[in-house]
Every structure is written in C-alpha cells, then in structure tokens.
Amino acid sequence: MRKLFFSESACKETKLHSAPHSWLPLDRGGLSKSAAHASGGTSIESLMKMPEPAVLPHFKPADYVDILAQIHEELESCPPDERSCLFLLQFQVFRGLGEAKLSRRSLQSAWEKASTIHEKLIFGAWLKYEKKGEEAISDLLSSCGKCSQEFRLLDFVSQVSTGSHDMGYDEGSDEFRGSAVVHFRIRDDMIACDRRKLAALSTPLYAMLNGGFRESYLEVIDMSRNGISPIGMRAISKFSLSGRLPYLSADAILEMLDFANKFCCKGLKDACERKLASFVSSRQDAIDFMECALELGCSILAASCLQVLLNELPECLNDEQVVRIFSSANKQQRLTMVGNASFSLYCLLSEVSMSTNPTSDVTLSFLEKLVESASDSRQKQLALHQLACTRFLRKDYAEAEPLFSAAFSAGHLYSVVGLARLTSLRGNKHFALKLLDSVMSSRWPLGWMYQERALYLDGDSKLENLNKATELDPTLTYPYMFRAASLMKRQSVEAALMEINRILGFKLVLECLELRFCCYLALEDYRAALCDVQAILTLAPDYRMIGGRVAAKQLRMLVLENVEQSTTADCWMQLYDRWSSVDDIGSLSVIYQMLESDTSKGVLYFRQSLLLLRLNCPEAAMRSLQLAREHAASDHERLVYEGWILYDTGHCEEGLQKAEASIAIQRSFEAFFLKAYALADSSLEPSTSATVVSLLEDALRCPSDRLRKGQALNNLGSVYVDCGKLDLAAECYINALKIGHTRAHQGLARVHFLRNNRIGAYDEMTKLIEKARNNASAYEKRSEYCDRELTKADLQMVTKLDPLRVYPYRYRAAAVLMDNHKEKEAIEELTKAIAFKADLNLLHLRAAFHEHIGDISSALRDCRAALSVDPTHQEMLELHHRVNSQEP
C-alpha cells in the first residue's frame, strides 16, 4: 500500500497530479519503514506548523455576566426606542461567547422591539441574512397558511405617518392681492392654477403669490427656468386642489419632488416620496432613487430603497454603486437613510462584509462608518476593536495600534491581545508579556489571557500557560492543537491522537479533525484518515486543508486509493456498527461514502441530519434535511422531511400538519414517528401519551431498518416509563437492544432504578459506557445510581470527557456547600464553569448561593444575567423578584 506523506513543495501545488514531487510515492509496493520516517519527518514537520490563534473581531467583555446584567437592568427601565440597541448589544455579547442560539434570539428580540421603521427593516434583513439557506422554511410555512414575518418586505407608505402640513392660517380671512387664478408659463404652455390653493402648499409659495413680491400682482408667471415640465406643473395644480397625486411616470414625480423641495412644500414632498417609494422594485431602482433621496433629504424614499438593498445581502455588496452609497454617506445623509439607526445599519453591513472578506476595502469603509456612528462607550469598544482587527489582518499595523489602544482604554480588555501581537511583531515579546501581566494582575484571569501569554514563551513555560488556559477555558482550540502538534514532532503520534481526541470528544472543530487526519496518515491508518476527511467534507463541502492550499476532496481521493473499497451492503453493516457504538463521526463518514453510489439519497441525507444534530451542528443538519427533501423518492417521503424542517425550526404545529398529510398519502414508519415525536413535544395533556403510544406502535408495524426501529422502541419505552408501565417499558428497551440500539441501556437502567434496583441500573449504564464511543452522558447518568464517592468519580470523568456538561459543576458545588458549609468554594466551583459557559442553571444556582450568604448585589447580578439567557424561566423570575425586593 502506498505511503501518504507530503513534501513542502507538494503542499504548494494546486494541481496535485502535476506536482514535481508526488504526494504519494510512485512505487506501488510501498516504502520501507526507515524511508517512510525519513521522508515523513520533514513533511510532518511542515504539516504541524501551527498558526497563532486569530484575534477575534468580537465584543468580548472580561466579565460577560456583568454586561448581561447591565443590559437586562437597562431593558427594565429604558424608553421603548432604546430597546433594539440594547438587544443588539446583547446579541454581540452572545456572539462573542459563541452562543449561536442565544445570539439569534437576541436578534429576534431586537426586531420584535424595534420602535422605528428603520430598525424594523435593518433587523429583519439581518435575521434573513442569518437564516440564509432557510428561505425554504418560509415557503413551507406559506404552504401551511402561515407567514414568516421577518422575510416580508415592509409597506412604508402605509406605516409612516403623514403628519400635518397645514399652513396655519384661515384661508377665508386673508385677502389676496392678485386675481383668483394665476397662470404659469412653461415655454409654450400655460397652466392655470388656483392662486389661493397653490399658495397654501407652503410658506414660500404664499409669500410669492400673496406677499410683497412682484409675482403677487402678476396673472402670468414664467416658470420655464425652474426645472418643472408642463405635465408636472399641471399635476401640482391638481394636487393643490385635491391633495392627491394623479398617476404619473417616475420622472414626472421626480420633477414634482424637486419643485416641492425648492419651495418647501411638505405635503407635496411627502406625497411624491410615497408615490416614488412604490416604484422601487429592483436594485437599480433603489440605487437611482437613493441618490435622489439623500440629496433631497427624503427619508421615506430612502428607507424604501434601503429595504430593497438590504433584502439582497450579501450579493448587493458586490455592486460598486451600492457600496458607494453606504461608504460615502455623511452624517446628514445617514440620518435621512436610517434615522437614528446608523450604528445598527453599519453593524449589519460590517458583519456581512467581514464574513465575505475581512480584509477588503469595503469592510474597512463600513467599519470606519461604524466607528463614526458609535454613540456610547460599549458601542465604541466594539467598533474600534473590529476596525483594529481588520487593520491588523491587512497588516496595517501602524493604523491598527491606536485603534486597539482606544478600544482597550474604553474598557475592552480583550483588545490587549491585538496590542500584544503588534508589540511582538516589533520583536519585543518581553513588553507583550508585561501588557498581559498588567491585565491579569488587575482581575480574575481568563483562559484566553494564558493562551495569549503562551505565544510569547517557549518550552515548559509555554506548555504551562497553555495547560492553564485549558484549565480555565477548555473550549479554546489552540492549546490542544499545539500540544498535539508538539507531540507529533517528537514522534509521539499516539499521544498526539489522545490529545486531539480530548477536544473532539465534546467540540467538533474542522481544524482539529484535519490535525487528526494528519496523525492517522503518520500512523498509515488510511481508513481512519478517510473517516475524518469524509466527516470534514460532510460539514464543509468546500473545505481546504494544509493551510488552505489543497481541497479536502482531492486529499480524500488520494487516501481512498489506499483503502479497500466497500460494497453497499458492507457500508450498511458499517453504519449499523458505528451507530450502535455511538460513533457519530464514523457514522457521518460511512453515510458520506454511501451517498456517492446509493440511490436512496433522501433517506441517507435524513440520517446525516440526525447525526449532525447530535454533534451540535444545527446549520449543517438543516442543510442535510433540505437535501433530503430535494432527493425524496416520493411525495409522502418529501412531506416527512418538510415536517422535520418545520419542527426543527420551532414550528411544531406545522410539522404535525406535514406528518398527517404524509400519512394520508401512505402509512410509513417515518410519518408516524414524526407525528408521535412532535405530538409528545407539543402537548402536556395526559391523554396525549396514549396517542403517542398508538402512533409509535403504528410506526413499528411499517417497514423500516433496525436503526430507526430501535429509536422508535426506545421512545416508546420512555413514554411507558412516564405512564408508570415499567414492564412494557422494559420489554421495549430489551427489544431495542436486541437490534443494536445501544442507547436503550439508559432507558433500561431507569426502569431498574424505578424498581429500586440501583445495582441493576448501575450495571446497565456500565454496559453503555463500555459500548459507546462518546460516553460522557452515560457517565453522568450512571452517577445517579451509585454511592457518593463513585458519583464524584463518575462526574469527574464527565468533566474530563466533556467540560461543557454543567451538571457535574452544580453537583460538586452543592456537595461542597452541604457537606463542608464552604460557601466560597461552592461559588468558585460554579464560577469556574460560568467563565466559559453561559448557562442558566449555573447562574441560577450561583445566584441562590449568593442570596444564601447575604450577597444581594451579586445575587441580583446573576439573576439578571440568567434572565438574559432565558427571559421566561419561571423559577429564575421568582428568584429575581425575591432578590430584587431585598436590595436596599
């Protein structure tokens, strides 16, 4: 079998097969071990070059709990027109924490609480952009008679008040000097107008037609040089009589708008704006009319144009005319375009542009406008830091430094990372360390501080700081990768694998999968390497490896040549085995391979989506569900996938409708399963259990494979447990285990426990731990069925395997408080986890502990932060009310 080691020159080639140094030795007989190590030494060295962790362009307050509490407190008392900006700030906090669901919810709240049309359209466009690829959901909702509001264009004409444009005088009391009718000559045309009615349009016209001007006495006034055509003047005359615009072309209305602007005719200007707004239907319309709107100060027309442009994000930012409108707008023009929502607009534009190309001139111009639009300290921290990050990426180091410094001085401590990098680039690592040490000495240190500090150290000191970074924040990726790469360089490949598996056990990171892929190549374990590269391609089909130089698809083809090909039957057997052993990444890989040849693509994409949800990859899961819908073999199968799409996006009732429509066409396992699942989740009525049981039994009578039937039996067992029917539940779990549904051990353990058989429950969970590849949850569940010392040991193992699981921290904190009455240590245990995990339960428990020791201000702070995570949590609301009443 051929060896897969990469030379430095090969890494630089884009066409692998034309590379002067082959990626794979040409000798099909293989290389000797010594040759492999000789060639592999330098090639592995080149692969293991670890880039420094990025300076993240996010709002990252040193104490996010404090900021969330401040935002919540301000939301309780602020006027309605400030709420959207506060929810935008909350969105930025959650974005910096990597909490995608919470940041999306904050954005939704900003849209819902918008007090102006401008805010409504900006946050609506932002939600649409965030949900890019989910447009199908809007179509599906429409098919169920429901509309997704944020995807709809706003009707400005009906929603913006016209206000009052009366002259403020009594027409009957004024005596006009001239004749009742005045004629306006426009070249060869004469347009007759009612002098009194026309004068009522504005103060300047009144002064001209009934003031001290010569025109007050003239019966014919020459208007040939005022930019108005005869058609436009006749329309103005009709408007003065009726207050309504006749049907005219856009050009004629633009003439009238210009006339209205010159003579300060507010009512006419308003009517012209509204009429022109109805003409804006394309990007070019929006560009053309926006220039006019900004020049003449037409806010309604500008908002209508803005909506069309934002509705086409991100594509419209490829249009130079669009970019010029946004990047060249001065303060007054921004006021016309978005009112007081300028900061929100440039937040959105910067976000979109950074995700496309963070170093582009477009990104730079938007961020500069963001800095100009920032009005308070927190907005300035975000804007200055983001602009500094873009300058840094562009290698504009002289411009980046004062920006990082300004953000840091404004209170954004994370900006010290940028200052330290710039100092290091100048060759002064010692001063970079001093910068970080000054920050760390002034407060409780965080994981990213030790990670950054490690960059300016070597040897054991570097590793000590990286280990400390992992201890304080186990979600940081760089320390694991550096340690694994260091072990690889020392030829300790198995140890490197163990290190990288630590993070892959709870956080699926593409770069870590890529590093593990390299480890497997070094071990010549090509099947395992294939597994990882196929998992990478499932998550990111266009992913490029080796520093972005080689497409992952090309590497897969090379590795595939060194792996024995599997038949479709072999693949199904591998899928059963990997699914049963709870090897989700392995299952993803098998499905990827099957999709190349299997005709049942809809079914496979659906299975893929289930795995991706388990791996906490909701966006990739939704993409797979939509592919399942596209490749459905029949209408009833397509309806099931549509039902799951709706259910997974929070539209449970509509998901049920799709399940029922599918059943009406053909009774199938998946349709009954979907209906049972959605019904169990949507109703708490006791009678629902009987219906769910019936639906799952119907599902089990329909043809399906062992993987899905095992899941149905497991779910049926859970319903029986909830109903107290333990014998039936045990039968379901045992039958599920017989067909390889390993997770049924957990259900059977629960049955043993409810029968007062703790030993049986413990043994059952031990079987799951032994079989499951990902078993942190199994250790956590087993901890409920043993004595205290074993419980502590199991929960310690949970934290080691998956530090994001919060129950162990809560248990240990409660145990310390109850056993030893050490309140401070209990609070520290919770604080350790809260530092990297914004979790409601952790904040709730810490708030209760603070209340217990009489620290009311800290308790109130945690309550407010927790309610930012979940504003509707009833127990949290009650605790907040109680603590709030105790505050002096």
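The values are calculated or read from the model by the stated rules, or taken from the named source; none is laboratory data. All figures in this text were calculated on a predicted structure; none of them were measured in a lab. When we count neighbours, we look across all protein chains shown, and the Cβ atoms used for this are built from the backbone with ideal geometry, even at glycine. Just so you know, the surface numbers come from the protein's heavy atoms only, side chains and all, with ligands and any DNA or RNA stripped out. Shrake-Rupley method; radii C 1.70, N 1.55, O 1.52, S 1.80 Å.
Out of everything in segment 635-675 that is at pLDDT 95 or above and in a loop (DSSP other than H, G, I, E, B), what residue ends up being most open to solvent (accessible area, probe 1.4 Å)? Among residues in segment 635-675 that are at pLDDT 95 or above and in a loop (DSSP other than H, G, I, E, B), the one most open to solvent (accessible area, probe 1.4 Å) is 667.
Yes/no matrix, rows are residues, columns are (1) at pLDDT below 90; (2) not aliphatic (A, V, I, L, M):
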residue	(1), (2)
190	no, no
197	no, yes
211	yes, yes
219	yes, yes
241	no, no
256	no, no
259	no, yes
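Yes/no per residue for (1) over 20 Å from residue 116 (Cβ atoms); (2) open to solvent by 20 Å² or more (accessible area, probe 1.4 Å); (3) aromatic (Phe, Trp, Tyr):
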{"site": "249", "(1), (2), (3)": "yes, yes, no"}
{"site": "268", "(1), (2), (3)": "yes, no, no"}
{"site": "275", "(1), (2), (3)": "yes, yes, no"}
{"site": "281", "(1), (2), (3)": "yes, yes, no"}
{"site": "290", "(1), (2), (3)": "no, no, no"}
{"site": "303", "(1), (2), (3)": "no, no, no"}
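Scanning segment 435-461 for residues that are without any contact (Cβ under 8 Å) to a residue 24 or more places away in the chain, of a type in the set (D, E, K, R) and surrounded by 18 or more Cβ atoms within 10 Å (Cβ to Cβ) yields one hit, 453. In contact with a Cys (Cβ under 6 Å, 6 or more places away or on another chain) and under 29 Å from residue 578 (Cβ atoms): is that true of residue 717 in this structure? Criteria met by residue 717. Looking across segment 399-418, the residues that are within 24 Å of residue 64 (Cβ to Cβ) and surrounded by 22 or more Cβ atoms within 10 Å (Cβ to Cβ) come down to 403, 404, 407, 408, 412, 414, 415, 416, 417, 418. Evaluate the following for residue 767: is it modelled with pLDDT under 95, within 30 Å of residue 573 (Cβ to Cβ) and open to solvent by 20 Å² or more (accessible area, probe 1.4 Å)? Considered against the rule, which asks whether it is modelled with pLDDT under 95, within 30 Å of residue 573 (Cβ to Cβ) and open to solvent by 20 Å² or more (accessible area, probe 1.4 Å), residue 767 comes out as no. Taking the criterion of being of a type in the set (A, V, I, L, M, F, W, C) and over 15 Å from residue 729 (Cα atoms), the only residue of segment 745-763 that qualifies is 759. Looking at this structure, is residue 403 of a type in the set (A, V, I, L, M, F, W, C) and within 18 Å of residue 55 (Cα to Cα)? So residue 403 fits the description; yes. Among the residues of segment 217-244, those that are free of Cβ contacts under 8 Å to residues at least 40 places away in the same chain, assigned to a helix (DSSP H, G or I), of a type in the set (Gly, Ala, Ser) and under 18 Å from residue 196 (Cα atoms) comprise 235, 242.
In segment 729-779, what residues are touching a residue at least 24 places away in the same chain (Cβ under 8 Å) and outside any helix (DSSP H, G or I)? Within segment 729-779, 739, 740, 741, 742, 743, 755, 772, 773, 774, 775 qualify. On the basis of being in contact with a helix residue (DSSP H, G or I) (Cβ under 8 Å, 6 or more places away or on another chain), in a helix (DSSP H, G or I), touching a residue at least 12 places away in the same chain (Cβ under 8 Å) and surrounded by fewer than 17 Cβ atoms within 10 Å (Cβ to Cβ), does residue 465 make the cut? Judged against the criteria, residue 465 is not a match.
Taken as a whole, the structure places residue 421 among residues that are out of contact with any His (no Cβ under 7 Å at 6 or more places or on another chain), closer than 26 Å to residue 64 by Cα, open to solvent by less than 50 Å² (accessible area, probe 1.4 Å) and not in a loop (DSSP other than H, G, I, E, B).
Taken over segment 682-698, the residue count meeting the criterion of being surrounded by 14 or more Cβ atoms within 10 Å (Cβ to Cβ) and among the charged types (D, E, K, R) is 1.
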